[in-house]
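Following: one structure in structure tokens, then a few remarks.
The values are calculated or read from the model by the stated rules, or taken from the named source; none is laboratory data. Since the model is a prediction, treat every value here as computed from it, not as a measurement. Here Cβ is always computed from backbone atoms with ideal geometry, including for glycine, and neighbour counts include all displayed protein chains. SASA here: full protein model, heavy atoms, side chains in, ligands and nucleic acids out. Shrake-Rupley method; radii C 1.70, N 1.55, O 1.52, S 1.80 Å.
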Amino acid sequence: MVSIKTESFETCYTFVSNNKIIMDQSALQFLLNDKTLSPPLKTIAKKVQEGERITEEEGVLLFEKAPLGYLATLANHIREARHGNRTYFNRNFHVEPTNVCLYTCTFCSYSRLIKKRDEGWEYSLDEIMDIVKKYDDQAVTEVHIVGGVLPQYDVAFYTDLFRQIKAHRPELHVKALTPVEYHYIFKKAKVSYEEGMKLMKEAGLDSMPGGGAEIFHPEIRDEIAGGKCSGEQWLRIHEIWHELGQRSNATMLYGHIESYYHRIHHMEALRNLQDKTGGFQTFIPLKFRNKGNQMSHVEESTIIEDLKNYAISRIYLDNFDHIKAYWPMISRETAQMSLAYGVDDIDGTIDDTTKIYTMAGSEEQNPAMSTKDLVKLIRQVDREPIERDTLYNVVTDFKDHVFEDDNQYKGYLSLPVVNK
Ligand code: V47
Ligand code: SF4
């Protein structure tokens, strides 16, 4: 065995007897030794190596100047330090009580205005319970409830719904609604955010999904999501929820009319709140899809931009445990690639129960994947699939799992070819 230094990278190689070369140092060290790297990018890489936080200016600089390979190296370093190869998914289903909405967010392909409400659906409590009961014989661990905002879906409706779900299936985790709905229903019921969130907890709400965040900065929020809760109100409701000892997620809708500064401003607000409460579990960047909405003229971001955005989210949000790529939104292949850019979670089996993205033009017109499909998808890019529950407790480690039908003799599909 021998170690040598190369001129350009001063990297240590170890030659082993069969002439295989093994790199002794991490990819990050390799990058730090690169003499062609600009000083600001080197400073950021050093910070990542030492576990130091990067500034807002450095965040914007990463968007503007950092090459994709550099971002992948940094983000993957953080991802693997936290999670190794582990890649999480869960078994869940969605319930969307209505697609009619009082608001008129310009990016939304899903909602129907009140005056066109006959084109949409408005489920009653019994109808929602029927949907929940359809999953009685399935090993799902979570129901994700989110939809439009309408007056009949008020505090009494949702507390009744949560109670009925818990009475029917106590172990099913209820992840429901966002500050957009909570702000509206609490105001209408004249209860404070504190009182309202307590009522929800008592009724059986387990956690809050990350939706409704969009872009916090009012310059953008007023343009695309005018009238619904402000960025400050969104953050305050999550803060109160965390103070009750509960967990939630956060999203960012990117790739429309916002600038890089607005994205970093958004992540900075989340990072600050997370320092205070520690209640966020996962950050989910949501790529804007442009079909069938008022922003159809805005071009969608490229896959390169999406991967950069995942990587920078991983680097910037140093106090978030998980970065999630929501596969029904970005296609299965991009979700697979994202696992090399800081992502460690690809959400759930979903079934075919969400319409938010199919209506916005996602490649996934039937967003359903079996557990076996998800495990295969993760293994294809050499990561270890872990089924988790909503709070990231391990349900099943699929690392060495063999599915029953994998062992069955399938006969020769093709004959081996021997080269002459
Ligand atoms: O808030 C709506 C987004 C969100 C479009 O917490 C769109 O685990 C892109 O938050 N293009 C709701 N995005 C979904 C959501 C979510 C999804 C998966 C997991 C979790 C979680 C949360 O969907 C909305 C909005 O930002 N959205 N329309 C569109 N055209
Ligand atoms: Fe309504 Fe939500 Fe669509 Fe906005 S994004 S119009 S709040 S359903």
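Taking region 292-324 on its own, how many of its residues are closer than 29 Å to ASN272 by Cβ and among the acidic types (Asp, Glu)?
Number satisfying all stated conditions: 4.
If we scan region 123-145, do we find a residue that is of a type in the set (Asp, Glu), in contact with a Ser or Thr (Cβ under 8 Å, 6 or more places away or on another chain) and within 16 Å of ligand 2 (Cβ to nearest atom)? Talk me through it step by step, then tell me what you get.
Within region 123-145, the subset of a type in the set (Asp, Glu) is 126-127, 130, 136-137, 142.
Then drop every residue that is not in contact with a Ser or Thr (Cβ under 8 Å, 6 or more places away or on another chain), which leaves 142.
Checking which are within 16 Å of ligand 2 (Cβ to nearest atom) leaves us with none.
The answer is no, given that none of the residues of region 123-145 is of a type in the set (Asp, Glu), in contact with a Ser or Thr (Cβ under 8 Å, 6 or more places away or on another chain) and within 16 Å of ligand 2 (Cβ to nearest atom).
Report yes if MET197 is open to solvent by less than 10 Å² (accessible area, probe 1.4 Å) and within 16 Å of ligand 2 (Cβ to nearest atom), otherwise no. So that I can check it myself, show each step before the final result.
On the way: open to solvent by less than 10 Å² (accessible area, probe 1.4 Å): yes; within 16 Å of ligand 2 (Cβ to nearest atom): no.
The answer is no for MET197.
Quick one: is TYR135 more than 17 Å from GLN246 (Cβ to Cβ) and within 16 Å of ligand 1 (Cβ to nearest atom)?
On the way: more than 17 Å from GLN246 (Cβ to Cβ): yes; within 16 Å of ligand 1 (Cβ to nearest atom): no.
Spelling it out, it is not the case that TYR135 is more than 17 Å from GLN246 (Cβ to Cβ) and within 16 Å of ligand 1 (Cβ to nearest atom).
Quick check: is even one residue across region 155-176 farther than 23 Å from ASN249 by Cα and in contact with a Cys (Cβ under 8 Å, 6 or more places away or on another chain)?
Looking through region 155-176, none of the residues is farther than 23 Å from ASN249 by Cα and in contact with a Cys (Cβ under 8 Å, 6 or more places away or on another chain).
Taking region 376-402 as the search range and keeping residues that are in contact (Cβ under 8 Å) with a residue 60 or more places away in the chain and hydrophobic (A, V, I, L, M, F, W, C), which one is nearest to VAL343 (Cα to Cα)?
We begin by selecting, within region 376-402, every residue in contact (Cβ under 8 Å) with a residue 60 or more places away in the chain; these are 378, 382-392, 395.
When the remaining residues are screened for being hydrophobic (A, V, I, L, M, F, W, C), the result is 378, 386, 391, 395.
Working: ILE378: 12, ILE386: 14, LEU391: 17, VAL395: 20 Å.
Top of the filtered list is ILE378.
In region 256-309, what residues are closer than 30 Å to GLN246 by Cβ and of a type in the set (Val, Ile, Thr)?
ILE264, THR277, THR282, ILE284
I need the full set of residues from region 146-166 which are among the hydroxyl-bearing types (Ser, Thr, Tyr) and either more than 16 Å from ligand 2 (Cβ to nearest atom) or touching a helix residue (DSSP H, G or I) at 6+ places or on another chain (Cβ under 6 Å) (or both), in order please.
Applying the first criterion (among the hydroxyl-bearing types (Ser, Thr, Tyr)) to region 146-166 yields 153, 158-159.
Matches in region 146-166: THR159 only.
Only one of these is within 16 Å of ligand 1 (Cβ to nearest atom) and in a strand (DSSP E or B): VAL149, VAL180, VAL143. Name it.
Working: VAL149 fails: in a strand (DSSP E or B); VAL180 fails: in a strand (DSSP E or B).
That would be VAL143, the only listed residue that is within 16 Å of ligand 1 (Cβ to nearest atom) and in a strand (DSSP E or B).
Among the candidates SER26, SER38, SER3, SER17, which residue alone is open to solvent by 40 Å² or more (accessible area, probe 1.4 Å), among the small types (Gly, Ala, Ser) and at pLDDT 95 or above? First the steps, then the outcome.
Values: SER26 fails: at pLDDT 95 or above; SER3 fails: at pLDDT 95 or above; SER17 fails: at pLDDT 95 or above.
Within the list SER26, SER38, SER3, SER17, the selection yields SER38.
How many residues are more than 15 Å from the chain's Cα centre (by Cα), within 24 Å of LEU62 (Cα to Cα) and open to solvent by less than 20 Å² (accessible area, probe 1.4 Å) if we restrict to region 238-257?
Residues that pass the stated criteria total 1.
Could you look through region 200-209, keep only residues that are surrounded by fewer than 23 Cβ atoms within 10 Å (Cβ to Cβ) and within 12 Å of ligand 1 (Cβ to nearest atom), and pick out the one that is nearest to the chain's Cα centre (by Cα)? Don't jump to the end; show me each part of the working.
To start, the set of residues in region 200-209 that are surrounded by fewer than 23 Cβ atoms within 10 Å (Cβ to Cβ) comprises 201-204, 206-207, 209.
So of that shortlist, the ones also within 12 Å of ligand 1 (Cβ to nearest atom) come out as 207, 209.
Numbers: SER207: 15, PRO209: 10 Å.
Top of the filtered list is PRO209.
Only residues that are open to solvent by 60 Å² or more (accessible area, probe 1.4 Å) and either over 26 Å from THR302 (Cβ atoms) or out of contact with any Leu (no Cβ under 8 Å at 6 or more places or on another chain) (or both): list them for region 63-90, please.
Once the filter is applied, which keeps residues that are open to solvent by 60 Å² or more (accessible area, probe 1.4 Å) and either over 26 Å from THR302 (Cβ atoms) or out of contact with any Leu (no Cβ under 8 Å at 6 or more places or on another chain) (or both), region 63-90 yields GLU64, PRO67, GLU80, ALA81, ARG82, ARG86.
Residue under question is LEU102, and the condition is that it be open to solvent by 30 Å² or more (accessible area, probe 1.4 Å), within 16 Å of ligand 1 (Cβ to nearest atom), farther than 30 Å from GLN29 by Cβ and in contact with a Pro (Cβ under 9 Å, 6 or more places away or on another chain); does it hold? Spell out the reasoning first.
On the way: open to solvent by 30 Å² or more (accessible area, probe 1.4 Å): yes; within 16 Å of ligand 1 (Cβ to nearest atom): yes; farther than 30 Å from GLN29 by Cβ: yes; in contact with a Pro (Cβ under 9 Å, 6 or more places away or on another chain): yes.
Criteria met by LEU102.
Here is a yes/no grid of residues against (1) open to solvent by 50 Å² or more (accessible area, probe 1.4 Å); (2) free of Cβ contacts under 8 Å to residues at least 24 places away in the same chain; (3) more than 27 Å from the chain's Cα centre (by Cα):
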residue: TYR135; (1), (2), (3): no, no, no
residue: GLY147; (1), (2), (3): no, no, no
residue: TYR158; (1), (2), (3): no, no, no
residue: ALA167; (1), (2), (3): yes, yes, yes
residue: PRO170; (1), (2), (3): yes, yes, no
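Filter region 162-194 for residues that are touching a strand residue (DSSP E or B) at 6+ places or on another chain (Cβ under 8 Å) and either of a type in the set (A, V, I, L, M, F, W, C) or within 19 Å of MET129 (Cα to Cα) (or both) and give the result.
Answer for region 162-194, where residues must be touching a strand residue (DSSP E or B) at 6+ places or on another chain (Cβ under 8 Å) and either of a type in the set (A, V, I, L, M, F, W, C) or within 19 Å of MET129 (Cα to Cα) (or both): PHE162, ILE165, LYS166, LEU172, HIS173, VAL174, LYS175, ALA176, LEU177.
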